[in-house]
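All of the numbers you see were taken from the coordinates with simple rules; none came from a lab. Quick caveat, the model's predicted, so the values are computed rather than measured. Glycine gets a Cβ as well: all are built from the backbone with ideal geometry, and neighbour counts include every protein chain shown.
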Ligand code: FAD
């Protein structure tokens, strides 16, 4: 064992440190990437902010790269080990520290899972709205570092909108603690937001103060069928104006997605007949169960009367609602009916999504005549997910990515709506960020982490990569 490895064990104890080839395989894979075991020299599982600080100070003094890891559910390769690194797993920092009812906040350590925060809030009669498929594995530190979105962004915003305070350890071990509980806090630069979405490249998040909301007491769900995307925009305007802040989801499925999933999977119902140009799931959550349902149904009746929609199915029970959501959530089962394909998570201004989709489909067909696509997404949040398959069998992945990301750049869209950049989208960042912006990102990274030890090679590649 090297002196450095001995030093780690002396300082943090053998319970918290695993060396080299003894590190279990699970720490080498997130949801999208796998790295050979042996890439990391050690895994350290600190149990306090002070331990994270000592570890970073030690690694910084030796120029050893560190890779922060949460629940390893990331979809962009951000937590992927880099050669010769120390992995910092936040799994032992999993305590909920307190709930403050007057400020409606919860203070947590970074390794606590999203699901645990949701349950704790519920037990106190409150609601933590951030929600996504990996809820019982992903951690608050990972959610903030990737600025996660998910199912309720339309109403509550992304992870960055849900924090009031943050504690972070910088590359040199400095602890920045601003566990603020106040909604109003205009005291200079909003430093916490620098760390949100920076995917562990600027600091290690150790604690956060999260906003909580009243627990919804009613949920109403419907599936609408429409002629085309112009009608979808009219529907969005109508439900925004009439359901107001209660509108919690506006999820669109193009016919290629709706028909393929409902007919192909075998276990889904078909809540709406085929043959329409667009399908939209609408959900509203409120606090007046008696009147919310009547109002919801009335608003949707109006859309039929005004011929905005061609048909509507309103869920009459929780089980109806689950069946409608099951169709939208079936994207997780793509492998069964649409595989292999290359997937994209992009944003385009909501008003232009319809034209973008038509243009992209036409351009893909021109280049690869046998192209098949599926489109679906949180269009109320300007987010569209795309699956592209240009032929049967292995896909020319890089070529398809180049092609689609270039089109997204031409439409002035975002190449990553909610999953981050990590390693997988790093080479395409220039399609959404200007040279001046990329230069400023590099300047910030160099100023805050001059030795480039924090998650090197993720998000941006510095001119002289030291460790990736
Ligand atoms: P990891 O995967 O462990 O790490 C992700 C990144 O954060 C890495 O760069 C890592 O270095 C960094 N990091 C982790 N912890 C810290 C820390 N404490 N300090 C500094 N950096 C840290 N995302 C969406 O936005 N919307 C969705 O709808 C959505 N659905 C998903 C559904 C499924 C089934 C899955 C598997 C993932 C989904 N995701 C979605 C991806 C989502 O971004 C991640 O699930 C989650 O936010 C990452 O959390 P994690 O703890 O797993 O982080």
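Could you list 199, 318 so that the one with the fewest beta carbons within 10 Å of its beta carbon is first and the one with the most is last? Can you show the working numbers first?
Working: 199 25, 318 10.
Ordered from fewest to most neighbouring Cβ atoms within 10 Å, 199, 318 come out as 318, 199.
Would you compute, from DSSP H runs of 4+ residues alone, the mean residue ellipticity of the chain at 222 nm, taking -39500 (n - 2.57) per run and dividing by the full residue count, rounded to the nearest 500?
Details: 14 runs with 149 residues, N = 468.
Rounded to the nearest 500, the figure is -9500 deg cm²/dmol.
Looking at the P(r) of the stretch 264-308, how many percent of alpha-carbon pairs lie beyond 17 Å? Kindly include the intermediate steps, with their values, before the conclusion.
Working: 535 of 990 pairs.
I get 54 percent for the Cα pairs in the stretch 264-308 exceeding 17 Å.
Taking each pair of distinct Cα atoms in the stretch 1-107 once, what is the resulting Kirkwood hydrodynamic radius in Å? Display every interim value, and only then the final one.
Values: mean 1/r = 0.0677 Å⁻¹.
For the stretch 1-107, inverting the mean 1/r across all distinct Cα pairs yields 14.8 Å.
What is the projected area of the convex hull of the Cα atoms of the stretch 404-468, averaged over all directions, in nm²?
Numbers: hull surface 18.3 nm².
Hull-based average projected area comes out at 4.6 nm².
Given Cα pairs under 8 Å that are at least 6 residues apart, what percent is the relative contact order of the chain? Display every interim value, and only then the final one.
Details: 926 pairs, mean separation 73.2, N = 468.
Computed over the chain, the figure is 16 percent.
Taking Rh as the Kirkwood radius, which is the inverse of the mean 1/r over Cα pairs, what is the Rg/Rh value for the stretch 374-436?
Working: Rg = 12.4 Å, Rh = 12.8 Å.
With Rh from the inverse mean 1/r over Cα pairs, Rg/Rh is 0.97.
At q = 0.10, 0.13 Å⁻¹, what is the base-10 log of I(q)/I(0) for the stretch 252-362 according to the Debye formula with one equal point scatterer per Cα and no solvent? Please give it to two decimals.
Results for the stretch 252-362 at q = 0.10, 0.13 Å⁻¹ read -0.37, -0.63.
Using a 10 Å cut-off around each Cβ, can you sort 272, 182 from fewest to most neighbouring Cβ atoms? Before the final figure, lay out each step's value.
Numbers: 272 20, 182 11.
Fewest-to-most ranking of 272, 182: 182, 272.
Counting other C-beta atoms within 10 Å, which of 263, 145, 434, 54 has the fewest, and how do the rest follow?
Numbers: 263 12, 145 29, 434 9, 54 17.
Fewest-to-most Cβ neighbours within 10 Å comes out as 434, 263, 54, 145.
What is the ratio of the Cα radius of gyration of the chain to 2.2 N^0.38 Å, with N the residue count, to two decimals?
On the way: Rg = 23.2 Å, N = 468, 2.2 N^0.38 = 22.8 Å.
Normalised by 2.2 N^0.38 Å, the Cα Rg of the chain equals 1.02.
What do you get for the angle between helix 289-305 and the principal long axis of the chain? Use alpha-carbon atoms, 0 to 90 degrees, nearest ten.
Result, in degrees: 60.
Working from Cα positions, state the angle (0 to 90°, nearest 10) between the long axis of helix 397-410 and the longest principal axis of the chain.
Its long axis makes an angle of about 70 degrees.
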